């Protein structure tokens, strides 16, 4: 992949966490299989029915802050979702070459490196404890602290107030196409997607966005 990034012009690098730096398999497995089976048992429902019900609920919240909010789902499902996530935390891991990419960035003082994630703060802490990923960032910003999901224009407006960045000097790497389109609409010029966010699934169609097969492809 040719990234078409003029690295000499980049000053701020915004990086998503789940599906970009960390394997999305942890999240997909949890929400699509492990949680529905647990919730189904609690409510005397078979797995098929439980998954269908939850899929409907998920779709109604998709792209909103509620979808990413552990407190929301804990209240809706009547059990501690974060505690259940701990059951499968062994699945939390870096995507291939993501850690070495972050290590290279961390020794290059030319860039301000910021994590921008929709993940709930408590989930960020779990993943930091598991991976030590926090050491590579000048700042970690959750959409929950901003008050809007990254899919919303309000997120980017508030983010730019919190960490001023020039639109044409900023690179965003994110696996979520809706988020990339929101960032493009806001005016961020340099955008990259991820071809395979989940190690256990096929590559995704990144449509109009250039996609990284590997962080090794980035030369800066």
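Coordinate-derived values only; no laboratory data. As the structure is a computational prediction, the values presented were derived from the model and not from experiment. Please note: Cβ atoms are built from the backbone with ideal geometry, for glycine as well, and neighbour counts cover all protein chains shown.
Pairing the Cα long axis of helix 177-186 with the longest principal axis of the chain, what angle in degrees results, from 0 to 90 and rounded to the nearest 10?
50
What is the distance in Å between the Cα centroid of the stretch 79-145 and that of the stretch 146-194?
18
In degrees between 0 and 90, to the nearest 10, how far off the longest principal axis of the chain does helix 153-162 point, with axes built from Cα atoms?
60
How high is the FRET efficiency between residue 122 and residue 46 when r is their beta carbon distance and R₀ equals 30 Å, given to the nearest 0.05? Numbers along the way, then the final one.
On the way: r = 30 Å, r/R0 = 1.01.
For residue 122 and residue 46, the calculated efficiency is 0.50.
Quick one: if you stick a label point 7 Å off each Cα along the C-beta vector at residue 134 and residue 74, how many nm between them?
In this crude label model, residue 134 to residue 74 measures out at 1.8 nm.
Taking 2.2 N^0.38 Å as the expected size of a compact globular protein, what ratio does the Cα radius of gyration of the stretch 1-49 give against it, to two decimals? Before the final figure, lay out each step's value.
Values: Rg = 19.2 Å, N = 49, 2.2 N^0.38 = 9.7 Å.
Rounded to two decimals, the normalised Rg is 1.99.
Using Cα pairs under 8 angstrom and six or more residues apart, how large is the relative contact order of the chain, in percent?
Working: 324 pairs, mean separation 66.6, N = 220.
Computed over the chain, the figure is 30 percent.
Can you sort 163, 188 from fewest to most other Cβ atoms within 10 Å of each residue's own Cβ? Don't skip to the end; give the middle numbers.
Details: 163 15, 188 22.
With the sparsest Cβ surroundings first, the list reads 163, 188.
For helix 121-131, what angle does its Cα long axis make with the longest principal axis of the chain, in degrees from 0 to 90 and rounded to 10?
Orientation of helix 121-131: about 70 degrees from the principal axis.
Please state the shape class of the stretch 26-90: rounded when a/c is under 1.5, otherwise prolate if a/b exceeds b/c and oblate if not, all from the C-alpha gyration tensor. Before the final figure, lay out each step's value.
On the way: a/c = 1.41, a/b = 1.08, b/c = 1.31.
Rounded, since a/c falls under 1.5.
Length gain on complete extension for the stretch residue 60 to residue 161, per 0.36 nm per residue less the alpha carbon to alpha carbon distance?
Taking residue 60 through residue 161 to full extension adds about 33.4 nm, to one decimal.
In square nanometres and to one decimal, what's the mean projected area of the convex hull around the Cα atoms of the chain? List each step's numbers first, then the result.
Values: hull surface 46.4 nm².
Averaged projected hull area, Cα only: 11.6 nm².
Calculate how many DSSP beta bridges within the chain are antiparallel, expressed in % of all such bridges and rounded to the nearest 5. Walk me through the numbers before you get to the answer.
On the way: 1 of 19 bridges.
Rounded to the nearest five, the antiparallel share is 5 percent.
By counting other Cβ atoms within 10 Å of each Cβ, how are 35, 172, 82 ranked from fewest to most?
Neighbour counts put them in this order, fewest first: 82, 35, 172.
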